[in-house]
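Inspection log for the structure reproduced underneath, given as structure tokens.
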Amino acid sequence: MTNAMKKAWTGLVQPLLQRPRQFQVAALCYREVEGRTEVLLITSRDTGRWILPKGWPMDGMDAPDAALKEAWEEAGVKTGDLDKDPIGAFDYEKRLDDGYESPVHAQVYKVKVVEMTDEFPEADERSLSWFTPDEAANKVKEPGLQEILRQI
């Protein structure tokens, strides 16, 4: 490939073929047990891999409140103390129902869990477990999320 063609491909054609990053909100739910921090991970519905509760922004809600609602719907966090400032963000590829993947930028909000329940909208679709931040970082696959977990 000539230099001009390579420059045209990388500078013009490739950007047109890439999908724009979509925005999601994520809840990093945590608790203190005997002086140590534990974080809550849930399984994804499609592949069963470990993730944070997360989802799309919601009409009438700011990003932190939408993250807290996702923690309720996906993990059963009934009440929690929500930090309105994001602690970080990570990028990942979301598998869509049609089999394609879409790039996503997920902004992460900390939630100190106050109360949980076993009955929540997606209880039958997910598993959940508590991990130390280092254990959680080793369970998730996204490098940006691993870094966030290791900094807790």
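3J(HN,Hα) couplings calculated from phi for the range 82-90 with the Karplus curve 6.51 cos²θ - 1.76 cosθ + 1.60 (θ = phi - 60°) are, in sequence order, 9, 8, 6, 9, x, 9, x, 8, 9 Hz; Gly and Pro show x.
Using DSSP, restrict attention to beta bridges with both residues in the chain and report what percent are antiparallel, rounded to the nearest 5. Walk me through the intermediate numbers first.
On the way: 25 of 34 bridges.
Bridges in the chain are about 75 percent antiparallel.
Debye-formula intensities of the range 19-150, expressed as log10 I(q)/I(0) at q = 0.14, 0.17, 0.18 Å⁻¹, are -0.57, -0.87, -0.98 (one equal scatterer per alpha-carbon, no solvent). Applied to the range 31-45, the Karplus parametrisation 6.51 cos²θ - 1.76 cosθ + 1.60 on θ = phi - 60° returns per-residue 3J(HN,Hα) values of 8, 10, 10, 6, x, 10, 8, 10, 10, 9, 10, 10, 8, 6, 6 Hz, with x for Gly and Pro.
The alpha carbon centroids of the range 120-152 and the range 67-113 are separated by 11 Å.
Quick note: the coordinates plus some simple rules give every number you see, no bench work behind them. Since the structure is predicted, the reported quantities are computational estimates derived from the model, not experimental observations.
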